[in-house]
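One structure below.
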Amino acid sequence: MPRVAIIGTTLWGLTLGVVLGRKGLPVRLWARTEREAKQLTKARTSLNLKVTFPEQLSVTSSLPEAMDDVKAVILAVPSQTMRQNIKLVAGHLNGSMLVVSAAKGLEIGSNKRMSEVITEEIAPHFQSNICVLSGPNLAREVLTGLPAAAVVAAEKESLARVGQRLLSTPNLCIYTNTDVVGVELGGSLKNIIALGAGMTDGLDYGDNAKAAFITRGLTEITALGVALGANPLTFSGLAGLGDLIATCASPLSRNHYVGVELTKGRPLTEIVDSMEGVAEGVSTTIAVRTIAQQMGLEMPITEKIYRVLYEGLDPRQAGEELISASVAQHELAGRKWKLFSLFRRRKRS
C-alpha cells in the first residue's frame, strides 16, 4: 500500500489521516513540535476528535521521517502558512510523489492560490505533480463515517485519477476535474459568502433572504472565477455550489460561526482568538477584495463583508444595503463581469 505524509495537525489534516488510515494506507502525520507529536502518539486521539487513531496512522515531529518513502504528501495547513510549510517540504520531494493541497484560501499579499504558492517553492520537475482537493467536506461528519464527496483537480486528468484512487474511501467519493483554477477559487471564495450567511442567520433574516444571499454569492464567485480563467461550470459542482451549501448552512462551519458572532457585537479579534481552527474567509476577504479592485471587477458582497470585518460596518446595515431595491439589476450584470457573453442566448437569424 502507498505511504502518505500529511503536513499539518489541523482538524482537516487529522481527519484525512484517520480516514486514510482506516482505509489501510500507512499514514505519517507531521506535527511541528516534538511535544505535540508525543501527546498525539500517547493519546492516539486529539482533543479536537472523538475517535481513536487507526493503527496505520503514526505521528512524528521529524519531517525526514514523515516524508521517507511516501507516494503522496498532503498539505492540510492554513493558507497563510502554506508557503513556509512547502518550503520545508520541498527538499524532501522525489520521483513521482503526488503533492496535494487541501487548503482553502488565498495568500494575503500575493493574492495567489495555494497551487500557485506551491509551484513557486518547489523544483520545476515536481510542479506537474500538484493537485488540489476541495468540496463539501465538514471534517466532523467525514470522521464519523457519514457519506461525503469531494473533487480532486489537476491540470492532467491522468494525475487527477491518481489522486482519486489514493483519496477515495468507502464513505468519501472522489470525483476528478482539470479546472484547477475553478476548484481552488470555489473552495476559497465560498468562505466569504459563509461569513455573510452566518450574519444572515444571526440577524434572523429568514430562509428567503439566506437563499437569495447564497445565490447572489455564487454568481459573484462565478464572475471572479470566469475573469481569472476558470470554467463557469465548475462553480455548479462540488467545489462550488456543493461546498457553498455546506459551509453556509452548517453550524459546524467556522466561517458561518464568525458571521453569527459578529451580529452579537463581538470584535473580530476576540472571535478569532477564541476559536480552535482558522476561519479562512477572514483572510481570503482581504485577498479577493484586492484582486477585484485591481481588475476593476464589481464584487458588492465581498466589499460589504470586508467593511464589516475591517471597517466596523454594522452587519445589519450591510444586509440592508445589499438587499436595497436601488442596487437590483440584471442577475448576470456587474462591472467587468463576463457572464452575459457566456450565458446569453444567440439571436435567431
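Can you classify region 236-344 as rounded, prolate or oblate using the Cα gyration tensor, where a ≥ b ≥ c are the square roots of its eigenvalues, rounded means a/c under 1.5, and otherwise it's prolate if a/b beats b/c and oblate if not?
prolate
Quick check on packing: order 86-95, 135-144 by the mean number of other C-beta atoms within 10 Å, highest mean leading.
Packing order, densest peptide first, comes out as 135-144, 86-95.
Which one of Ala249, Ala37, Leu20 is farthest out on the positive end of the charge dipole of the chain, using unit charges on Cβ (Lys, Arg +1; Asp, Glu -1) and the Cα centre as origin?
Leu20
Can you list the HN-Hα couplings for region 251-260, worked out from phi with the Karplus curve (6.51, -1.76, 1.60; θ = phi - 60°), rounded to whole Hz and with x for Gly and Pro?
Taking θ as phi minus 60°, the curve returns x, 7, 6, 5, 5, 4, 4, 4, x, 4 Hz for region 251-260.
Going down the list Lys190/Lys210; Lys190/Lys304; Lys104/Lys190; Lys156/Lys338, which pairs span over 18 Å between their C-alpha atoms?
In this structure, Lys156/Lys338 exceed 18 Å between Cα atoms.
Find the relative contact order for the chain and round it to a whole percent, using C-alpha pairs within less than 8 Å whose residues are 6+ positions apart.
14
Can you compute the charge dipole magnitude of the chain about its Cα centre, using +1 on each Lys and Arg Cβ and -1 on each Asp and Glu Cβ, nothing else charged? Give it in debye, rounded to the nearest 20.
Dipole magnitude for the chain comes out near 780 debye.
Which order do the peptides 26-38, 327-339 come out in when sorted by mean C-beta neighbours inside 10 angstrom, highest first?
Result, highest mean Cβ count within 10 Å first: 26-38, 327-339.
Looking at Gly319, Met275, Gly217, which one has the Cα that reaches farthest to the positive end of the dipole of region 182-343 (charges on Cβ: Lys, Arg +1; Asp, Glu -1)?
Gly217
Just to compare against my own numbers: the Cα pair-distance distribution for region 17-164, 10 Å bins, whole % per bin, please.
The calculated distribution, bin by bin, is 10, 38, 40, 12, 0.
Counting only DSSP beta bridges with both residues in region 26-126, what percent are antiparallel, rounded to the nearest 5?
That works out to approximately 10 percent antiparallel.
At most 14 other Cβ atoms within 10 Å and a DSSP loop assignment: could you name the GluC sites (Glu not before Pro) in region 52-118 that fit?
Sites meeting the loop and neighbour criteria: Glu55.
Taking the Cα centre of region 182-343 as origin, sum charge times position over the Cβ atoms of Lys and Arg (+1) and Asp and Glu (-1), and report the length of that vector in debye to the nearest 20.
380
What value, in deg cm²/dmol to 500, does the helix sum -39500 (n - 2.57) over DSSP H runs of n ≥ 4 give at 222 nm once divided by the residues of the chain?
The helix-only estimate for the chain comes to -14000 deg cm²/dmol at 222 nm.
Work out the charge dipole of region 4-178 with +1 on the Cβ of Lys and Arg and -1 on the Cβ of Asp and Glu about the Cα centre, then indicate which of Asn129, Ala102, Ala153 is farthest towards its positive end.
Checked the options; the winner is Ala102.
Taken together, the values in this text are just the output of simple stated rules run on the coordinates, not laboratory data. Bear in mind the structure is a predicted one, so any value in this text is a computation, not a measurement. No Cβ is skipped: glycine too gets one built from the backbone with ideal geometry, and neighbour counts run over all protein chains shown.
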